[in-house]
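The values are calculated or read from the model by the stated rules, or taken from the named source; none is laboratory data. Remember, predicted model here, so these are calculated numbers, not experimental data. FYI the Cβ positions are ideal-geometry reconstructions off the backbone, even for glycines, and counts take in every protein chain you see. Just so you know, the surface numbers come from the protein's heavy atoms only, side chains and all, with ligands and any DNA or RNA stripped out. Shrake-Rupley method; radii C 1.70, N 1.55, O 1.52, S 1.80 Å.
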Amino acid sequence: MKKTKEYGGIDYFRIIAALLIVAIHTSPLASISNIADFILTRVIARVAVPFFFMTSGFFLFSNGSAKEEKIKRFLKKTSVIYLVTIVLYIPINFYAGYFYKKNLLFNIIKDIIFDGTIYHLWYLPAAILGVALVSLLIKYMSLNRAFIISCILYFIGVFGDSYYKIAAKSAVIKDVYKVIFIFSDYTRNGIFFAPIFLLLGSLVSKNINKFKKKEGLLYLYIFVALMMVEALLLRNFNLMRHDSMYFMLIPCMYFLFSLIVSYKVSSRKEFRNISLLIYLIHPMVIIMIRGGAKFLGMKAILVDNSIIHYILVTLCSGIIAVIIAYYMDKKKDSYPKNSKNKNSKKTCRSWIEINMGNLEHNVKELKSVMPKRCKFMAVVKANAYGHGAIEISRHLNRIGVDAFAVATIDEAIELRKNGIQGEILILGYTDVSRANELNHYHLIQTVIDYEYACMLNSQKKSLQVHIKIDTGMHRLGIPVEDIDKISKVFHMDMLKVTGIFTHLCVADQLDEEAEKFTKEQIDKFYGLLNRLELSGITIPKVHIQSSYGLLNYPQLTCDYARIGIALYGCLSTWEDRTRIGLSLRPVLSLKSKIAIIRNVEKGEGVSYGRDIHVTRDSRIAVLPLGYADGLPRNLSDGTGSVLIHGTKVPIVGRICMDQLLIDVTDMPKVKTGDIATLIGIDGKEEILAANLAKKAGTITNELLSRLGGRIERVYLK
Ligand SMILES: *Cc1c(COP(=O)(O)O)cnc(C)c1O
């Protein structure tokens, strides 16, 4: 598999951040200069923990929306790690007399929720609490409000931390903080500290395309310098209670993280576990080194010399972390992966194979005939034409496609919940009462007619829309003649019109009449745009072509092309010729494994109805695939065929709901467990989806989109 080049910078910085955290706990420069140590460990190294929060925010709340699945996984994983580490450190708690303190139960609860049962562990409960809090905020309010609230929380936090002695000048405020400190030793916790950085991570993911490295670096220098000044002043005037929260930390982190993300290097997955392990075990290592040094009588060198001490702690923690990570990785590999196992061809009855390489090839081919400024909008409705919408969209995201179209709001939400980024246009009708979801998930709704626009506007939710214009298909859209109504939509206060489009209905046909009609559709549409522009309306993004529109009318210059069937490497019908011929490669294959083979005597009937009687002694194989899986029933009785060992054999008898029969009499070598190809290549033979569709009296689009959810999909990279 290719390594993703995307956010490798984050992986590298994880190691740097872990080493900075070790520095905070060992004060490497203390034996040289107090002020130098302060600047390193209390100012510079303070970027480490916010960096980890921002990383979580960047992935869990990318583009300002909560990725529910990922969040659940994150909370679960972090809780397990937290629990294991708590248990790991219990002996040290004992040694330190933790269990002999007063109010033990209260302390335990408070430590588990806020402070961590060992001083460095506070990060884990803060991550859990922070992520939970931000998820709730985003769920119930706009991103801006959530941001303001977390800023306020941070503000409260700062005055309980490095600005405490200013706040404590007022007796009332001091009392408020006293109450806070009953529950949490510091304000640097999951409520006052984590949320702002989680959201900052989300903000970076939103703005990363606009980020300019050079300027960013300059700003980073400036804000780091300002943060140093801030910290030194606070220290000089003795205003601090604790030293981990500064105002300048926020802009510093924004620019630092943006730089890290825009640094394009290969990702290093192994660094993720190693950095986490260094973080988790280094306090243990510190204790061991101190004990060991005492025992050896080498305390002066190994502990009191702060630089040597730091290097020793880092080295030992690093080595132990690498070893543990190595064994964790090995163990993972030696187990069959549960979810993957389900998808393995070995255990499936029938499966769909999706070739991602072919998908990438098709995107490249199609893009090569699109004008530069035209964006590829991948149509992934109906489970990406049966290919699996989430996996297909994820892969497209990875290779830079960031505009998608679906038919329904639920398809769109499913994509968002699975972390798909970029624009998602809903092509069809959505009940207007779901406006809040459109807004929440940042979806673009199609205005399907004027009355619909009015109703949508009255929902009082600010919404992004594309206006659909009916230029002759007479399905959805405001009639192209209704220019007054169309301009009114542009002026509706809740609707932000970011696109306008039409759909061609005979672009697949190249006869004279069809071409004339298509040209009329195109002319009417552009005529409308001209008139709108003359009336002072700024024309938003424009799109017209779907697959055939692009392949037959490539000269149109639009802002998007909505590509469905061609993306999957097919044409709708077998005979179709298009004006430009691209070498598209089918992405999907359909395969099934022979369940049993039986001998049927001459004259016996097979399958329901017994209307087919074999005319010779036959070997009949059963494939566990039927019309409930999406294979059309009218391929029964020899209409359809399958490939086996590179040879075509006929389907016999009626196709059933869950299985079908094939005649393998002429192929004595065929045995149970052999693989039959219903769509795809086997040896020199190929069955095209379009071919099968033709035999079933339909088009490729229908055949593929109906391939059911009961069949596993296996993704080949
Ligand atoms: C489905 C759909 C498409 C994609 O069509 P293909 O022919 O599969 O490329 C484009 N635009 C609209 C409006 C659609 O409904």
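Gain in length, Lys212 to Ile182, computed as 0.36 nm per residue apart minus the alpha-carbon separation, to one decimal in nm?
6.4 nm
Within the chain, which is the longest segment that contains none of the GluC sites (Glu not before Pro) sitting in a DSSP loop with at most 16 other Cβ atoms within 10 Å?
Here the longest segment lacking exposed loop sites spans 7-480.
Once each part is reduced to its C-alpha centroid, what is the distance from the range 490-519 to the range 21-59 in angstrom?
57
Would you work out the charge dipole size for the chain about its Cα centre, treating the Cβ of every Lys and Arg as +1 and the Cβ of every Asp and Glu as -1, and quote it to the nearest 20 debye?
2420
Rounded to the nearest 500, what is the 222 nm mean residue ellipticity of the chain from helices alone, with -39500 (n - 2.57) per DSSP H run of 4+ residues and division by all residues?
-15000 deg cm²/dmol
Quick check: pseudo-label points 7 Å beyond the Cα along Cα→Cβ at Arg145 and Ile539, how many nm apart are they?
In this crude label model, Arg145 to Ile539 measures out at 3.9 nm.
Between Trp574 and Leu239, what is the spin-label point distance in nm, taking each point 7 Å from the Cα along the Cα→C-beta axis?
8.1
I'd like the FRET efficiency for Thr408 and Lys684, computed as 1/(1 + (r/R0)^6) with the beta carbon distance as r and R0 of 25 Å, rounded to 0.05.
E(calc), rounded to 0.05, equals 0.05.
With an 8 Å Cα cut-off and a minimum separation of 6 or more residues, compute the relative contact order for the chain in percent.
12 percent.
With a Förster radius of 45 Å, plug the Cβ-Cβ distance of Met228 and Ser487 into 1/(1 + (r/R0)^6) and report the FRET value to the nearest 0.05.
Step by step, r from the Cβ atoms, then E = 0.20.
What is the range 588-687's relative contact order, in percent, from Cα pairs under 8 angstrom and six or more apart in sequence?
34
Separation of the range 137-195 and the range 655-669 by C-alpha centroid, Å?
Value for the Cα centre distance between the two parts: 70 Å.
Quick one: of the DSSP bridges fully inside the chain, what percent are antiparallel, nearest 5?
45
Could you compute the FRET efficiency for Arg710 and Tyr429, with r as their C-beta to C-beta distance and R0 at 41 Å, rounded to 0.05?
0.90
So how tilted is helix 171-183 from the main axis of the chain? Cα-based, degrees 0 to 90, rounded to 10.
The helix 171-183 is inclined about 60 degrees to the chain.
Expressed as a rounded percentage, what relative contact order does the range 357-568 have, with Cα pairs under 8 Å and six or more residues apart?
Relative CO of the range 357-568 lands at 20 percent.
Can you send over the solvent-accessible area of Trp122, 1.4 Å probe, protein chains only, in Å² to the nearest 10?
20
Could you point to the residue in Met248, Val131, Leu233 farthest towards the positive end of the range 33-268's charge dipole, with +1 and -1 charges on the Cβ of Lys/Arg and Asp/Glu respectively?
Val131
How big is the gap, in Å, between the Cα center of the range 539-557 and the Cα center of the range 673-689?
34
Please name whichever of Gly527, Met356, Leu692 sits farthest to the positive end of the charge dipole of the chain, dipole taken about the Cα centre and charges placed at Cβ: Lys and Arg +1, Asp and Glu -1.
Towards the positive end, the residue furthest out is Met356.
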